[in-house]
Amino acid sequence: MTGFERTFLAKYLPEDLSKCTLKEIIDVYIPRVSVHPKLRIRKIGNKFEITKKIPVNKESSQLKETTIPITEDEFEDLKLIGKRIRKFRYYYPFNGKFAEIDVFQDLLKGLVLIDFEFNSEKEMKEFEIPDFCLAEVTQEEFIAGGILSGKSFLELHKQLKKFGYERILMQR
């Protein structure tokens, strides 16, 4: 599967976010020793999968993604060998699309990223950025899941500060 996506830092959380569909996601990136692992195992609700994402070109906004379903037992075994991220993903309707709003937990608590997926490059380029988005970080390597894994919010502070990002804490 090849898709187009853009990623943004959140400026704030939309007021009605708590009414949206929500899933807890646990991502584990392999290999642990890699600075930017490209292999991810994921638990999203009761679904388990292994995914490899590879940029189609120099722009990381278009990725070739290969996903294979796995069992819960396979996930439990594989999660022991990688770097972990836990987040809550809210599916927020916006102008005929869904914003995937990821509210990170644990060491990354305070980080909120928003992804939009598009069917074409034209649709992606014509997209008007919502007010709840602070800055686009699609091309920022430090924000990639494999690089975020194993890091803390404090370790990202300098990079986030250059975008004027303020930590966002959400009460659940």
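The values are calculated or read from the model by the stated rules, or taken from the named source; none is laboratory data. Given the structure is predicted, the values throughout are model-derived calculations rather than measurements. Using ideal geometry, Cβ is built from the backbone for each residue, glycine included, and neighbour counts are taken over all protein chains shown.
Picking from residues in the range 29-39 that are buried (at least 16 other Cβ atoms within 10 Å of the Cβ) and in contact with a Pro (Cβ under 9 Å, 6 or more places away or on another chain), the one that is farthest from residue 78 (Cα to Cα) is 37. Taken over the range 1-15, the criterion of being in contact (Cβ under 8 Å) with a residue 40 or more places away in the chain and either farther than 19 Å from residue 134 by Cβ or of a type outside the set (A, V, I, L, M, F, W, C) (or both) is satisfied by 1, 2, 3, 4, 5, 6, 7, 11, 12, 14. For residue 57, the test of being exposed (fewer than 13 other Cβ atoms within 10 Å of the Cβ), within 20 Å of residue 14 (Cα to Cα) and free of Cβ contacts under 8 Å to residues at least 60 places away in the same chain is failed.
The set of residues in the range 142-171 being part of a loop (DSSP other than H, G, I, E, B), within 26 Å of residue 17 (Cα to Cα) and free of Cβ contacts under 8 Å to residues at least 12 places away in the same chain consists of 166, 171.
The set of residues in the range 108-141 that are surrounded by fewer than 18 Cβ atoms within 10 Å (Cβ to Cβ), within 15 Å of the chain's Cα centre (by Cα) and part of a helix (DSSP H, G or I) contains only 141.
Yes/no per residue for (1) more than 17 Å from the chain's Cα centre (by Cα); (2) at pLDDT below 90; (3) at positive phi; (4) aliphatic (A, V, I, L, M):
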{"residue": "2", "(1), (2), (3), (4)": "no, yes, no, no"}
{"residue": "13", "(1), (2), (3), (4)": "no, no, no, yes"}
{"residue": "19", "(1), (2), (3), (4)": "yes, no, no, no"}
{"residue": "26", "(1), (2), (3), (4)": "no, no, no, yes"}
{"residue": "32", "(1), (2), (3), (4)": "yes, yes, no, no"}
{"residue": "38", "(1), (2), (3), (4)": "no, yes, no, no"}
{"residue": "41", "(1), (2), (3), (4)": "no, no, no, yes"}
{"residue": "51", "(1), (2), (3), (4)": "no, no, no, no"}
{"residue": "65", "(1), (2), (3), (4)": "no, yes, no, no"}
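Against the conditions (1) in contact with a strand residue (DSSP E or B) (Cβ under 8 Å, 6 or more places away or on another chain); (2) charged (D, E, K, R); (3) at pLDDT below 95, residue 102 satisfies every one except (3).
Among the residues of the range 92-103, at least one is aromatic (Phe, Trp, Tyr), in contact (Cβ under 8 Å) with a residue 40 or more places away in the chain and either buried (at least 16 other Cβ atoms within 10 Å of the Cβ) or outside any loop (DSSP other than H, G, I, E, B) (or both).
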